[in-house]
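Here's the structure we're looking at; comments come further down.
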Amino acid sequence: MSRKKLKDEASIKVLDSIKGQGIETIWDRYEKQEPHCGFGLLGICCRMCNMGPCRIDPFGTGPQKGACGATADTIAARDMARSTAAGSASHSDHARDLAHTFIAIGKGTAQGYSIRDPNKLRVIAREYGISVENKKDKEITLELGEKALKEFGKQDDEQLTLSKRAPKKQQEIWKSLNIYPRGIDREVVETLARTHEGMDQDYKNLVQTTMRTALADGWGGSMVATELSDILFGSPQPIRARANLGVLKEDEVNIIIHGHEPTLSDVIVTASQDKELLELAKSKGAKGITVAGICCTANEMLMRRGIPVAGTFLQQELAIMTGAVEAIVVDIQCIMPGIVQAASHFHTKVITTSSKASLPGVGCIEFHEDKALDTAKRIIRLAVENYPNRKQDIVNIPKESMELIAGFTAENIFYNLGGKFRASYRPLNENIANGRIRGVAGVVGCDNPRMGSGSYHIELVKELIKNDVLVVQTGCAALTCAKEGLLTPEAAIEMSGDGLKEVCKTVGIPPALHVGSCVDNSRILIACTEMVKEGGIGNSLDELPVAGAAIEWMSEKAMAIGWYFVASGAFVLFGTPMRVAGSQAVFDYITKEIENIVGGKWAFEEDPIKAAHIMIDHIDKKRKALKLAPMLYKQPYKVAV
Ligand code: SF4
Ligand code: MSK
């Protein structure tokens, strides 16, 4: 029963409040799907052509080949490649939209935007080979937007962010394996072509295209999205805010922004402070307007503007079920169709804003840069006018919300670890080398009713920090841990091992650092590269004592992220094996053999404590290979789990 693992008090209270009212949630629908189709779970069902669907018998007594002759190996690897391409496309299309916004700003056709980090604009423009001398922001913005856009369609040339930033050893490996990505679009299209019926049947070749496409995302599409967002919306700095459903206000108009793209939500936040709209809200009986985020739109607005977080992916329906949300404004990705059904029981208006993410029967106020501010004001007006329709007697906002610090980046971590006078990765590397910090782990990704409904992230992070592993977090994993207090120095330092505690206390940082949204996993690539550059704990990414996990992964984007880290030399753990367990050959290849090829590999473990120790074992293996000092303090770490 999936709900049994849900530990978040606020969510449980909302679920209890709707009992017996015939209102469905993701947990109800998930349970109705059980038991899940074994063929699908194992990845041995193929629907690539109309001779199928074909299924491979996992017990060896039934068919071992599809009608065309495809084996379990081909079918599983082909499915994994396609999903990774879809995930890469999602991140990268988000980046493309930002490039378009840059062009619109440069041409003067965008409304309501200004470049908030003109220094970074110049740094990145120079990296793209654009001369910035004596040029105005607008001019550079246009040139950078156009150049960034060209990255997507490159046919043979290398992507700039990748060729200029990735460690040399990784670049050499990618070239020797023919997985050095070209244009983002080209890689996605090629993977789709290669996975068509009658095309690539060799699972190793399919893993190769999977890695190349994912690398195009991590070092390309996602990285472009991160950099352009920093320039446009401001580079994050550590900022305090609050997270969980308790951030909604009983006496204010509540607007939820949900999805991934900050382009409209940033303007919505600005418009929510508009005097006229605030007056309108007062005239309707509300004391003000609260904008709160869900999913990665939340992360984007949280780390740049301190906007409160209403919740994670799994809380999108629950926010509506508090009865206190006037509008939920969605852009792209991770928008559950279930919110429409949820909203039908309350007064909440669901507003879609992208023609790429439509919901049946739901009105769309399409967002375009040239009318961004007008659109934002129109949306807020709609929400405000909906406030009198709220039934105050059924409003049930749980009290729970927790303080957090968000907004660490690969750049500002220099200052936070080294202080103003010693701005470098040296203190981090030194503390890893001398055994105060065991290593670094990325704990990222979705929350999933199949796993712990968020609770696995919390258990995993607690076990890692207890064993002196510094944690960096993005996506809903970060928001989940924020709700538990793991993103504040005050609440979390005491849960850390003695070495990590000493470092965090000295520097005043939490043991789990929020580094952003899903596309911001690219910041982790950059931070790892900086650790290599600083020296002393490995000469390439695959030598570093680091590991990553998306234990509750749900989306295809998580597969793209996992694969670009593995292809970059990292160890990545997922709770479940990406629908490849039906092919022993593919499973063994990606969990064992591949380490000798790219330096990284996969592991799958659903138990969060065991998962933490698998990651710790990997970090210790790397420490041993580097001959780093033994851990400084006696640890709770037990080798056998
Ligand atoms: Fe079946 Fe082959 Fe068609 Fe897949 S591609 S559905 S295995 S015939
Ligand atoms: S939002 S991809 S549920 S992390 Fe980026 Fe959360 Fe996963 Fe969506």
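Read the figures in this text as sums done on the coordinates, not as results from a lab. Keep in mind that what you see is a predicted model, and the values were worked out from it rather than measured. Cβ atoms come from the backbone with ideal geometry, glycine included; neighbour counts cover every protein chain shown.
Each principal axis of segment 431-566 carries a Cα extent, and these read 40, 33, 19 Å when sorted largest first. Once segment 72-233 is represented by equal point scatterers at the alpha-carbon sites, with solvent omitted, what log10 I(q)/I(0) does the Debye formula produce at q = 0.13 Å⁻¹? Results for segment 72-233 at q = 0.13 Å⁻¹ read -0.63. Computed over segment 166-304, the convex hull of the alpha-carbon atoms projects to a mean area of 12.6 nm².
The length gained on full extension between ASP202 and LYS164, counted as 0.36 nm times the residue separation minus their Cα-Cα distance, comes to 10.5 nm.
Please pull out the direction-averaged projected area of segment 13-143, using the convex hull of its alpha-carbon atoms, in nm² to one decimal place. Could you put the intermediate results ahead of the total?
Working: hull surface 65.0 nm².
The Cα convex hull of segment 13-143, projected and averaged over all directions, gives 16.2 nm².
Subtract the Cα-Cα distance of ASN434 and GLN64 from 0.36 nm times their separation in residues, and report this length gain in nm to one decimal.
127.9 nm
Ordered from longest to shortest, the equivalent ellipsoid semi-axes for segment 567-641 are 25, 17, 8 Å, each the square root of 5 times a Cα gyration tensor eigenvalue.
Please sort through the DSSP H helices of the chain and keep those with an alpha-carbon extent of at least 24 Å along the long axis and a Kyte-Doolittle average not below 0.5. The partial results should precede the final answer.
On the way: long enough: 72-107 (52 Å, -0.20); 137-153 (25 Å, -0.60); 608-625 (26 Å, -0.54).
Passing helices, by number: none.
Taking segment 91-205 as the region of interest, the number of lysine pairs whose Cα atoms are within less than 23 Å, with members eight or more places apart or on different chains, is 27.
From the largest down, segment 494-554 spans 35, 29, 17 angstrom on the principal axes of its Cα atoms. Measuring r between the beta carbons of ASP607 and GLU34 and using R0 = 22 Å, the FRET efficiency lands at 0.65.
Taking the beta-carbon count within 10 Å as an exposure proxy, list CYS481, CYS476, CYS37, CYS504 from fewest neighbours to most.
Fewest-to-most ranking of CYS481, CYS476, CYS37, CYS504: CYS37, CYS504, CYS481, CYS476.
Using the Stokes-Einstein relation with a Kirkwood hydrodynamic radius computed over Cα pairs, the translational diffusion coefficient of segment 3-51 at 4 °C and a viscosity of 1.567 mPa s comes to 95 µm²/s.
Arranged from fewest to most other beta-carbon atoms within 10 Å of their beta carbon, HIS457, HIS368 become HIS368, HIS457. Of the residues TYR180, TYR415, TYR203, the one with the fewest other Cβ atoms within 10 Å heads the list, and the complete ranking is TYR415, TYR180, TYR203. Applying 1/(1 + (r/R0)^6) with R0 = 45 Å to the Cβ-Cβ distance of SER355 and GLU534 gives a FRET efficiency near 0.50.
I'd like to know how segment 245-394 sits against the 2.2 N^0.38 Å rule of thumb: what's its Cα Rg over that expected value?
Numbers: Rg = 13.6 Å, N = 150, 2.2 N^0.38 = 14.8 Å.
In units of the globular-protein estimate, segment 245-394 measures up at 0.92.
For the chain, the normalised intensity computed at q = 0.06, 0.07, 0.08 Å⁻¹ comes to -0.31, -0.42, -0.56 (log10 of I(q)/I(0), Debye sum over alpha carbons, equal scatterers, no solvent).
Each label was represented as a point 7 Å from its Cα along the Cα-to-Cβ direction; for TYR415 and ASP370 these points are 3.9 nm apart.
Per 0.36 nm of contour for each residue apart, how much would the distance between GLU593 and LYS627 grow if the chain were fully extended, relative to their Cα-Cα spacing?
Residue separation times 0.36 nm, minus the Cα-Cα distance, leaves 9.8 nm.
Model label points for GLU172 and GLN392, set 7 angstrom from Cα along the Cα-to-Cβ axis, are 7.1 nm apart.
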